[in-house]
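Quick notes on the structure that follows.
What follows draws every value from the coordinates through simple rules; no lab data is involved. Values in this document were obtained by computation on a predicted structure and should not be read as measured data. Here the Cβ is made from the backbone with ideal geometry for all residues, glycine too, and neighbour counts use every protein chain on show.
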Amino acid sequence: MKEKELVRFGVSMPQELVEQFDRVIAERGYGNRSEAIRDLVRKELLQTDRLAPTAAVAGTVVIVYDHHVSDLSQQLTELQHDYHHDIVSTMHVHLNHDQCLEIVVVKGAYGRLRQLNEAIRVLRGVTYAELSVSHIETSAHDGEHGHSH
Ligand code: NI
């Protein structure tokens, strides 16, 4: 995403908190406090409890399941076909004799992606299903027509 114009603002914090923060940002290799604060704010904004159902987002659904449970593989496939407009790509990893891990890259309305995640989570044989939102579209235009790179 292209950063638009930068806005400067002052932040007041107790000295001790600033010192702890400076140690953390040095450990993580940030060049300055501004970049570290920008990342903290972005992370907070991606917390899914803040997202409107209509928010246009991209992220992943990570699933772990036992492929021996009858019909489960087929149910998962049918479910992914029901949501094919929202699914960009799926990677399947055979973890061991019984268990599979799938990473489903999703892009669409947050409410719909959450429905997909819940529908997967409740299937018998699924031991893990987690929707992670990595990106929020900030301009409706980007969501509709793609962008120029
Ligand atoms: Ni497998």
request  = Could I have the simple spin-label model distance between Val41 and Val122, label points 7 Å from Cα toward Cβ, reported in nm to one decimal?
outcome  = 3.9
task = Please name which of His92, Gln20, His81 has its Cα lying farthest along the dipole of the chain towards the positive end, using unit charges on Cβ (Lys, Arg +1; Asp, Glu -1) and the Cα centre as origin.
result = Gln20
key: Label point at Gln99 placed 7 Å out along Cα→Cβ; residues across region 26-64 whose backbone nitrogen lies under 12 Å   = 63-64
inquiry  = Give me a comma-separated list of calculated 3J(HN,Hα) values for region 94-101, in order, Karplus coefficients 6.51, -1.76, 1.60 applied at θ = phi - 60°, integers in Hz, x for any Gly or Pro.
reply    = 7, 5, 7, 4, 9, 9, 10, 10
message = So for the chain, averaging the separation of alpha carbon pairs under 8 Å that are six or more residues apart and normalising by length, what relative contact order in percent results?
response = 30
ask   = Hey, in the GNM for the chain with a 10 angstrom Cα cutoff, which one of Tyr30, Tyr110, Tyr65 fluctuates hardest?
value = Tyr30
query = Dipole of region 18-95, Cα-centred, from +1 at each Lys and Arg C-beta and -1 at each Asp and Glu C-beta, to the nearest 20 debye?
reply = 420
ask   = Looking at Thr127, His67, Phe9, which one has the Cα that reaches farthest to the positive end of the dipole of the chain (charges on Cβ: Lys, Arg +1; Asp, Glu -1)?
value = Phe9
note = Over the chain, the sum of -39500 (n - 2.57) across DSSP H runs of at least four, divided by residue number and rounded to 500 deg cm²/dmol, gives at 222 nm -11500 deg cm²/dmol
inquiry  = Charges at C-beta only: +1 for Lys and Arg, -1 for Asp and Glu. How large is the resulting dipole of the chain about its Cα centre, in Debye rounded to 20?
reply    = 380
task = Using the Cα centre as the reference, give the magnitude of the dipole from point charges on the C-beta atoms of region 56-135 (Lys, Arg: +1; Asp, Glu: -1; all else neutral), rounded to the nearest 20 debye.
result = 260
request  = Counting residues in region 66-145 as N, plug N into 2.2 N^0.38 Å and put the Cα Rg over that result.
outcome  = 1.19
